[in-house]
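Notes follow the structure.
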Amino acid sequence: MEAIFRVDGNDVVTSPYAAGPWDPGMQHGSPPASLVVWAAERIPTAVPMRVARVTVDLMRPVPVAPLTIESDVVREGRKIQLCAVRLLAKGVVVVSATVLKIRVQAEELPSEADIEQVTLPGPEQSRVEDVDFSSSPFVTGMSLRAARGHFGRVGPGAIWYRVDRPIVEGAPVSQSMRTMAAADFCNGTSAVLDFRQWTFLNADLTVNFSREPAGDWILVDAETWIGPDGAGLAMARLADFSGYFGRAIQTLVIEKR
């Protein structure tokens with residue numbers, strides 16, 4: 001399958017498959033969020049580290065167009081590395097992100113620190129969600145399995161997501177990239193407003209990892225709160241086959257169509 005992005009140095013060619021449901025010329029939030037992590041993971045560390053937190057601010061609509069990547073290290077330490085990553089379109093910053101990495105070291109933990117298990121059905125036991133529900137080209141490169149609720153329908157939901165399309169040409173999809181792609185579906189997983197009558201775009205996305213996930217499938221167990229003044233929150237617990245490993249939160253901008 002054709003990848004979402006082709007990267008040559010700092011220059012990025014964007015495929016039409018990056019487009020989201022709100023505007024055909026505007027990217028879904030998942031591709032730039034995953035690209036940010038890809039860029040941060042390419043920054044070397046003095047000791048083995050993994051991604052512990054990603055915060056993505058969508059400064060402007062991210063166009064389905066050529067982009068430029070800028071990245072640098074904000075803080076370098078023995079235990080952490082903080083990276084700043086920016087995506088620019090025609091010289092204008094459209095995404096500003098920070099990626100926090102922490103040192104990887106094995107620890108013998110007490111039993112009370114055991115991973116919380118998932119009691120919902122796994123992807124093989126969950127209902128297949130037809131991607132035809134969405135006008136988003138990006139969604140055609142994803143597989144969805146609903147453990148609870150329906151994507152885009154009103155009410156809390158828990159949906160397993162799998163990235164099927166390559167994100168960066170010639171590069172594997174890392175577990176952190178896979179997680180970011182799934183986490184940006186938080187607002188659609190737990191919609192509380194009718195998609196046909198309202199838009200609820202996210203202005204940002206923050207994901208925290210307690211550990212590195214494993215496997216192809218990521219569970220987004222989500223709920224949304226809407227305020228009375230045009231803002232809202234979409235939140236999710238994130239899991240893999242072994243149990244829960246992280247949380248995602250999005251700030252939503254609510255508008256009547």
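One table, with the values for the structure above:
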quantity	calculated
Sole residue being open to solvent by 30 Å² or more (accessible area, probe 1.4 Å), more than 14 Å from the chain's Cα centre (by Cα) and within 15 Å of residue 30 (Cα to Cα), chosen from 166, 172	166
Inter-residue pairs, beta-carbon under 9 Å, first under 30 Å from residue 78 (Cβ atoms) and in segment 18-46, second acidic (Asp, Glu) and open to solvent by 30 Å² or more (accessible area, probe 1.4 Å), 6+ apart	39/70; 43/72; 45/76; 46/76
Some residue of segment 28-38 being surrounded by 17 or more Cβ atoms within 10 Å (Cβ to Cβ) and more than 17 Å from the chain's Cα centre (by Cα)	no
Which numbered condition residue 228 misses (of (1) in contact with a Ser or Thr (Cβ under 7 Å, 6 or more places away or on another chain); (2) surrounded by fewer than 20 Cβ atoms within 10 Å (Cβ to Cβ))	(1)
Answer residue from segment 213-225, given it is assigned to a loop (DSSP other than H, G, I, E, B) and open to solvent by 30 Å² or more (accessible area, probe 1.4 Å) and is farthest from residue 150 (Cα to Cα) among those	214
Search result, residues across segment 207-234 that are more than 14 Å from residue 245 (Cα to Cα), under 17 Å from the mean Cα position of the chain (by Cα) and of a type in the set (Val, Ile, Thr)	224
From the options 157, 77, 122, 141, residue that is touching a Gly at 6+ places or on another chain (Cβ under 7 Å) and among the small types (Gly, Ala, Ser)	157
Given (1) open to solvent by less than 10 Å² (accessible area, probe 1.4 Å); (2) over 18 Å from the mean Cα position of the chain (by Cα); (3) among the small types (Gly, Ala, Ser), number of the condition residue 19 does not satisfy	(2)
Criterion: of a type in the set (S, T, N, Q) and within 22 Å of residue 67 (Cβ to Cβ) - qualifying residue of 190, 210, 174, 242	174
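So that you can scan it fast, the table gives a plain yes or no per residue for (1) of a type outside the set (Gly, Ala, Ser); (2) in contact with an Asp or Glu (Cβ under 9 Å, 6 or more places away or on another chain); (3) closer than 22 Å to residue 249 by Cβ:
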site	(1), (2), (3)
17	yes, yes, no
27	yes, no, yes
48	yes, no, no
52	no, no, yes
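The values are calculated or read from the model by the stated rules, or taken from the named source; none is laboratory data. Just so you know, these numbers come straight off a predicted model, no measurement behind them. Cβ atoms come from the backbone with ideal geometry, glycine included; neighbour counts cover every protein chain shown. Each accessible area value is taken on the protein alone, full model and side chains, heavy atoms only, with ligands, DNA and RNA left out. Shrake-Rupley method; radii C 1.70, N 1.55, O 1.52, S 1.80 Å.
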